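The values are calculated or read from the model by the stated rules, or taken from the named source; none is laboratory data. All values reported here derive from a predicted model rather than from experimental measurement. Note: ideal-geometry Cβ built from the backbone for every residue, glycine included; neighbour counts use all protein chains shown. Note: accessible area is taken over every heavy atom of the protein model, side chains too, but ligands, DNA and RNA are not part of it. Shrake-Rupley method; radii C 1.70, N 1.55, O 1.52, S 1.80 Å.
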Amino acid sequence: MANLSSTVIAQALGDQRKQRLLLLISLYLIGALVIYFYIYDILVLTILALTFWYAYDHIKAYTRDCLDPQGKYVYITGCDSGFGLEAAKAIRDLGFGVIAGCLDDNSPGAIELKARPWVKKIEVVILDVSNEASVLACAREVKDICRDQGSLWAVINNAGINCMGPAELVTMEMFHRCAEVNLFGAIRVIKSVLPLIRQAEGLIVNVTSERGFNPWKDSSPYCATKFGLEAFSACLRREMEVFKVKVITVAPGEFAGATSIAKQKMNEQLIEKLLQSRSALSLQEQQEAYTKESVTDISARIEAAVKKSCSSCEPVVSVYIDAVLNADPKRCYLIHGFKRQCLDPLIILARCRPFIPEKVVHVVEKILFSILG
């Protein structure tokens, strides 16, 4: 009896597979016929749609309604170098008040910002986004500054760190550290000043990454935090609509050469930690699963990315400016990196990924990088 029922179940499963196969073949044939007979129409419509979208984007950028920056403060984290430092100076020069959060009081960014003339003064606060006490202390300073001189219009969560490596070799300490800065750090800062933002009906700018859309090999710690920040931003956006507070995400492409996120010293420390984790494996696993060359190659890949990347902060800073100055900013800014500052395959993939079947993603990646990379 048991053998008979097993045979019936196996036959039923076989019939289901055949039906699914026939259905898939039918769908592919219909799709192929549609493309064959209407290929030129599809191409023309695609080109027209892309042209319209590109033109609309540029027309909207040139006809934007700008806000009056007087009496409005912008709180920016991660101003020790890179995007944060350049954004603090550029936004202050527009007339906004700027509160710059720096991790190190003696960093080049902190020293430069504190040395600015009084008429272009930037308030510098010492901020460690991974430390609750530091975040709350800075929030009190922000509140005092805004109470005396204006309102807190925007917070830009710019602070971030990189962490790469195979998930099996990345220690939990490394996962925690990356999440404390990139994800929980942003959440801490937002929660600490959210009442001020609500009162001003201002905005929150969370800096994510194209890796908040593209899950890359050996990037699970970084990608997890950026995917998480994208999800948090989407949830918070819906919560804040009733308060007329805008929540915006900024996802840069390849800009490793413009920031301190991929410094050689940091890369060396990263590889050292990964090699330490590797040493805990058996000799067989070290030879077969994770060779020393495969681990040290991560550093070479980071250096190659730095060479290809855009070395200027200007494209990202321009987006920060548009976000805080534009009366109707975008919900999400995807910024092309690479040296040519256009046709960044990482950004193109981020835009297209939701429509690409998972089984062929790696093929699309190879094609994109062979043409544009």
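Could you check how many residues of segment 277-314 are within 20 Å of the chain's Cα centre (by Cα), among the hydroxyl-bearing types (S, T, Y) and open to solvent by 60 Å² or more (accessible area, probe 1.4 Å)?
1
Can you pull out every residue in segment 81-91 that is open to solvent by 30 Å² or more (accessible area, probe 1.4 Å) and at pLDDT below 95?
Answer for segment 81-91, where residues must be open to solvent by 30 Å² or more (accessible area, probe 1.4 Å) and at pLDDT below 95: just S81.
Can you find, within segment 87-100, the residue that is farthest from Q70 (Cα to Cα) among those that are within 24 Å of the chain's Cα centre (by Cα) and in contact (Cβ under 8 Å) with a residue 60 or more places away in the chain?
Only one residue tops the list, namely A87.
Select from segment 298-327 the residues that are of a type in the set (D, E) and out of contact with any strand residue (DSSP E or B) (no Cβ under 9 Å at 6 or more places or on another chain) and write down the one among them that is nearest to G84 (Cα to Cα).
Of everything passing the filter in segment 298-327, E314 is nearest to G84 (Cα to Cα).
Considering only segment 213-245, state which residues are in contact (Cβ under 8 Å) with a residue 40 or more places away in the chain, crowded, with 22+ Cβ neighbours inside 10 Å and touching a strand residue (DSSP E or B) at 6+ places or on another chain (Cβ under 6 Å).
L229 - this is the single residue of segment 213-245 that is in contact (Cβ under 8 Å) with a residue 40 or more places away in the chain, crowded, with 22+ Cβ neighbours inside 10 Å and touching a strand residue (DSSP E or B) at 6+ places or on another chain (Cβ under 6 Å).
Return the residues of segment 1-31 that are polar (S, T, N, Q), open to solvent by less than 90 Å² (accessible area, probe 1.4 Å) and modelled with pLDDT under 75; say none if nothing qualifies.
Answer for segment 1-31, where residues must be polar (S, T, N, Q), open to solvent by less than 90 Å² (accessible area, probe 1.4 Å) and modelled with pLDDT under 75: S5, S6, T7.
Any chance you could count how many residues in segment 38-80 are charged (D, E, K, R) and either modelled with pLDDT under 90 or within 14 Å of V319 (Cα to Cα) (or both)?
5
Anything in segment 333-373 that is of a type in the set (V, I, T), part of a helix (DSSP H, G or I) and closer than 17 Å to A305 by Cα? List them, or say none.
Across segment 333-373, the qualifying residues are I347, I348, I371.
Let's see how each residue does on (1) open to solvent by 40 Å² or more (accessible area, probe 1.4 Å); (2) under 14 Å from the mean Cα position of the chain (by Cα):
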position	(1), (2)
Y320	no, yes
L325	no, no
G337	no, yes
L343	yes, no
A350	no, yes
F355	yes, no
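Go over the candidates R140, R147 one by one and state the one that is more than 30 Å from C66 (Cβ to Cβ) and free of Cβ contacts under 8 Å to residues at least 12 places away in the same chain.
Checking each option against the conditions leaves just R140.
Among all residue pairs at least 6 apart or on different chains, which show Cβ distances below 7 Å where the first residue, located in segment 112-124, is farther than 14 Å from A87 by Cα and the second is part of a helix (DSSP H, G or I)?
Partner pairs satisfying both residue conditions: none exist.
Filter segment 254-276 down to residues that are free of Cβ contacts under 8 Å to residues at least 40 places away in the same chain and among the basic types (K, R) and give me whichever is most open to solvent (accessible area, probe 1.4 Å).
The selected residue is K265.
Considering only segment 142-171, how many residues are closer than 15 Å to V74 by Cα and crowded, with 16+ Cβ neighbours inside 10 Å?
Number satisfying all stated conditions: 13.
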